[in-house]
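Visitor: One structure coming up, written as structure tokens, with questions to follow.
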Amino acid sequence: MKSYWHSVILEKDYCNGCTHCLDRCPTQAIRVVDGKARIIESRCIDCGECLRVCPFHAKGALVSTLEILKKFKYTVALPAISFYGQFDERYDMNTVYNAMLLLGFDEVYDSAYAAEVLGGYEVELIKNNKTQNKPLISTYCPVITRLIQIRYPALIDNIIRLESPMEIAARCIRTRLMKQGYANEDIGIIFITSCPAKVTSIKNPIGVEKSYIDEAISVEEIYYKVMKVIDKVDVKKQIQKSSGRGIGWARVGGQSYSMGIDDYIAVDGIEEVIKVLETLELGKLKELDFFEGYACVNGCVGGPLNVENTFIAKNRIRKLSKAYKLDGPMPTDSNLIPKSIEWNLPLEPMPVYKLDNDFKKALEKMAKIEEIAQSLPGINCGACGAPSCRVLAEDIVNHMAKYEDCIIIKKKKEEAT
């Protein structure tokens, strides 16, 4: 398996070995070894759950800073759609976008508009989906796409193979600027991200060979810098261009609602998404047309790199969607045709849970895991450094842990001797 760049990182100096992250990781990618957390990179999906729950801030996200603007001759800010929900009603979004120009960007692009364009193509795909691969699954949240690769590969064919709004916007921007005479390497398209998974998707794009985006800066950093200059803004450009359709994508259900889909499920929170994916894997819910899942509660407004409370931001998005209207025809872009925004690479399973390439050996290991698991206490205390007794049994079979790592087993052996 090729190396995979991760945005989520561990600062070991801050880690005190508590087990908060063990319980929250949806892919069992964390162990505590010698009093320090360790991330199994092949299992990490960069969902950011560990960032939320770590009381010592030992987990972080690799993002760039505004210093990165010096690397390029022409820079474009591409704010996440959830950026709309970070500012209270006193600040018009067009003013916010103009304030970003004062931070050193040459241009700001409203990515919510790209979501509207994408929505039009998705509606047609959903209407014309006559296959057994129902429901089609949104790729807007890269965490869910990678989760399916790792844990639910049987659902890969259900994934809608279209690029995300941020990639579509970046493609249009880069194409336009190169036509205007800018060299590709002189253009810096900077995504203002609400979550680490989006950063990872830039470095490890899904379905395409290379991202059209160069770097990512957190919403948090840009927000506070915008607030310092926003009262000095002289609005000269009309940058905000999305209707309520695109703005609504920032909250759970907004994508489906904006497209006018009736038979869909929108689920937020990684644990709830997992429950639905397990149901889909069993072949149920085939009557649905569309499924949109989000790792974060309330959708992208709940991203760990945002600043505003997720419920307050969700309410703002709802009101803004209504204020900017949801009716009217879907927008189109002459630079985009369906084929140009489809993935050109297959989506492959990432079987990190496979016990062995040899089926016979895998069965033997599975039987051994069950045997060991039955002998363990079953209280899932996490003191061994694994998230559960079942996972510890698997680690023992894979020579990643010892039977005596269980403190109860260790104590019994000591008492027996």
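Visitor: What aspartates and glutamates could a cross-link reach from Lys70, if we take a straight Cα to Cα line under 18 Å and drop same-chain neighbours fewer than 8 places away?
Guide: Candidates past the 8-residue exclusion: Asp106, Glu107, Glu185, Asp186, Asp214, Glu215, Glu221.
Visitor: From the alpha carbon gyration tensor of the stretch 355-417, can you work out the equivalent ellipsoid semi-axes (sqrt of 5 times each eigenvalue) and give them in Å, largest to smallest?
Guide: On the way: eigenvalues 106, 28, 18 Å².
Over the Cα atoms of the stretch 355-417, the semi-axes work out to 23, 12, 10 Å.
Visitor: Right, another one. Mind sorting His399, His6, His20 by how few other Cβ atoms lie within 10 Å of their own Cβ, fewest first? Let's see the in-between values first.
Guide: Working: His399 7, His6 21, His20 18.
With the sparsest Cβ surroundings first, the list reads His399, His20, His6.
Visitor: So for Met400, Met166, fewest C-beta neighbours within 10 Å to most, what's the order?
Guide: Ascending number of Cβ neighbours within 10 Å: Met400, Met166.
Visitor: Between Glu342 and Lys241, take the C-beta separation as r, use R0 = 35 Å, and let me know the FRET efficiency to the nearest 0.05.
Guide: On the way: r = 24 Å, r/R0 = 0.69.
Calculated value: 0.90.
Visitor: Still on this model: Using 0.36 nm per residue, how much length does the chain from Glu124 to Tyr403 gain when fully extended, once their Cα-Cα distance is taken away? Mind dumping the intermediate values first?
Guide: On the way: separation 279, 0.36 × 279 = 100.44 nm, distance 5.48 nm.
Difference between extended and current length: 95.0 nm.
Visitor: 7 Å from Cα along Cα→Cβ at both Ala367 and Glu89: what's the point-to-point distance in nm?
Guide: With each label placed 7 Å out from Cα toward Cβ, I get 6.8 nm.
Visitor: Could you tell me which of Gln374, Gln240, Gly85 has its Cα farthest along the dipole of the chain towards the positive end, charges placed at Cβ (Lys, Arg +1; Asp, Glu -1), taken about the Cα centre?
Guide: About the Cα centre, the residue reaching furthest to the positive side is Gln240.
Visitor: Which label marks the calculated value of Cα Rg over 2.2 N^0.38 Å, given the options (1) 1.12; (2) 1.22; (3) 1.05?
Guide: (3)
Visitor: Follow-up question, since we're still on this one. Mind sorting Trp343, Trp5 by how few other Cβ atoms lie within 10 Å of their own Cβ, fewest first?
Guide: On the way: Trp343 16, Trp5 12.
In increasing order of surrounding Cβ atoms, one gets Trp5, Trp343.
Visitor: Using unit Cβ charges (K, R positive; D, E negative) and no other charged atoms, how large, in debye to the nearest 20, is the dipole of the chain about its Cα centre? Could you put the intermediate results ahead of the total?
Guide: Values: 55 positive and 55 negative charges, 44 e Å.
Dipole of the chain, to the nearest 20 debye: 220 debye.
Visitor: What are the lysines whose alpha-carbon lies under 18 Å from the alpha-carbon of Lys368, with same-chain residues fewer than 8 places away excluded?
Guide: Lys354, Lys360, Lys402
Visitor: Where does the longest stretch of the chain lie that holds no GluC sites (Glu not before Pro) found in a DSSP loop with 15 or fewer other Cβ atoms within 10 Å? All intermediate terms of the calculation are to be shown ahead of the outcome.
Guide: Values: sites that count: Glu11, Glu41, Glu89, Glu209, Glu287.
So the longest stretch without any such site is 288-417.
Visitor: Shifting gears a bit: Provide the percentage of antiparallel DSSP beta bridges, counting only those with both residues in the chain; round to the nearest 5.
Guide: Details: 8 of 29 bridges.
Around 30 percent antiparallel, to the nearest 5.
Visitor: Return the subset of Lys275/Lys410; Lys179/Lys322; Lys241/Lys286; Lys71/Lys314; Lys203/Lys284; Lys73/Lys236 for which the Cα-Cα distance in this structure is over 26 Å, preserving the input order.
Guide: Values: Lys275/Lys410 35 Å; Lys179/Lys322 36 Å; Lys241/Lys286 36 Å; Lys71/Lys314 35 Å; Lys203/Lys284 34 Å; Lys73/Lys236 22 Å.
Among Lys275/Lys410; Lys179/Lys322; Lys241/Lys286; Lys71/Lys314; Lys203/Lys284; Lys73/Lys236, the Cα-Cα distance tops 26 Å for Lys275/Lys410; Lys179/Lys322; Lys241/Lys286; Lys71/Lys314; Lys203/Lys284.
No value in this document is a laboratory result; all are computed from the given coordinates. On a predicted model such as this, the values are computed, not experimentally measured, just so you know. Using ideal geometry, Cβ is built from the backbone for each residue, glycine included, and neighbour counts are taken over all protein chains shown.
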